[in-house]
Amino acid sequence: MNAVRSPMAEGLMKRYFGHQVYVDSVGVRTGTLDGFAVAVMEEIGIDISRHYPKTFDDLEDSSYDLVVTLSPQAQHSAVEMTRTMACEVEYWNTFDATIVQGNRDAMLDAYRGVRDALEDRILTQFREGPAPRL
């Protein structure tokens with residue numbers, strides 16, 4: 001719903017590579033930006049509170065080199081969208097923290113795990129040279 005994983009990934013990509021690449025975040029359906037996602041991103045100094053959830057249909061550009069999907073449903077939509085494009089589609093199986101139940105601390109830990117896994121994957125996949133210091 002473009003409310004947790006994708007906005008986190010967009011924020012991280014913009015932090016590390018925002019001046020080098022165009023980054024946009026969409027989902028299969030729109031929802032409301034998740035407050036836990038906002039909170040755990042704020043912990044590392046990234047403000048995603050202004051993120052506006054959108055779908056594949058809302059994309060304003062149609063020329064991408066790479067589309068990274070974070071859920072099976074998004075993977076299917078991305079493959080359909082790029083069927084006639086010269087574009088790579090990669091699926092990064094990413095845990096859905098919204099399924100975790102428990103107290104606030106348990107929920108935040110789940111969201112932090114998603115954030116940290118995305119950050120590790122982004123830096124491993126895209127960096128050239130030593131990792132930036134947080």
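Residues in segment 1-19 that are in a loop (DSSP other than H, G, I, E, B) and more than 12 Å from Arg115 (Cβ to Cβ): 5 in all.
The single condition from (1) free of Cβ contacts under 8 Å to residues at least 60 places away in the same chain; (2) buried (at least 17 other Cβ atoms within 10 Å of the Cβ); (3) not hydroxyl-bearing (Ser, Thr, Tyr) that Arg83 fails is (2). Just to verify a result, which residue in segment 47-67, among those that are under 24 Å from Asp109 (Cα atoms) and crowded, with 19+ Cβ neighbours inside 10 Å, is modelled with the highest pLDDT? Filtering segment 47-67 for residues that are under 24 Å from Asp109 (Cα atoms) and crowded, with 19+ Cβ neighbours inside 10 Å, the one modelled with the highest pLDDT comes out as Ile48.
Restricting the first member to segment 37-57 and to residues that are small (Gly, Ala, Ser), and the second to residues that are in a helix (DSSP H, G or I), the beta-carbon pairs closer than 7 Å and six or more apart or on different chains are Ala37/Pro7; Ala37/Met8; Ala37/Tyr111; Ala39/Leu108; Ser49/Val38.
Identify, please: which residue in segment 92-128 is of a type in the set (Ser, Thr, Tyr) and buried (at least 18 other Cβ atoms within 10 Å of the Cβ) and is, among those, farthest from Asp34 (Cα to Cα)? By that ranking, first place goes to Thr94.
The residue that is modelled with the lowest pLDDT, among those in segment 1-43 that are among the basic types (Lys, Arg) and within 16 Å of Pro53 (Cα to Cα), is Arg29.
Of the residues making up segment 88-122, those that are closer than 22 Å to Arg15 by Cβ and among the hydroxyl-bearing types (Ser, Thr, Tyr) number 2.
Tallying residues that are in a loop (DSSP other than H, G, I, E, B), out of contact with any Gly (no Cβ under 7 Å at 6 or more places or on another chain) and under 17 Å from Ala117 (Cα atoms) within segment 32-56 yields 3. Scanning segment 86-101 for residues that are touching a residue at least 24 places away in the same chain (Cβ under 8 Å) and among the acidic types (Asp, Glu), we see that the one that is farthest from Asp58 (Cα to Cα) is Asp96. Just so you know, in segment 20-31 the residues that are in contact with a Pro (Cβ under 7 Å, 6 or more places away or on another chain) and not in a strand (DSSP E or B) include one that is surrounded by the most Cβ atoms within 10 Å (Cβ to Cβ), and it is Ser25.
The values are calculated or read from the model by the stated rules, or taken from the named source; none is laboratory data. The structure presented is a predicted model; accordingly, all values stated were derived computationally and were not measured. All Cβ positions, glycine included, derive from the backbone under ideal geometry; neighbour counts span all protein chains shown.
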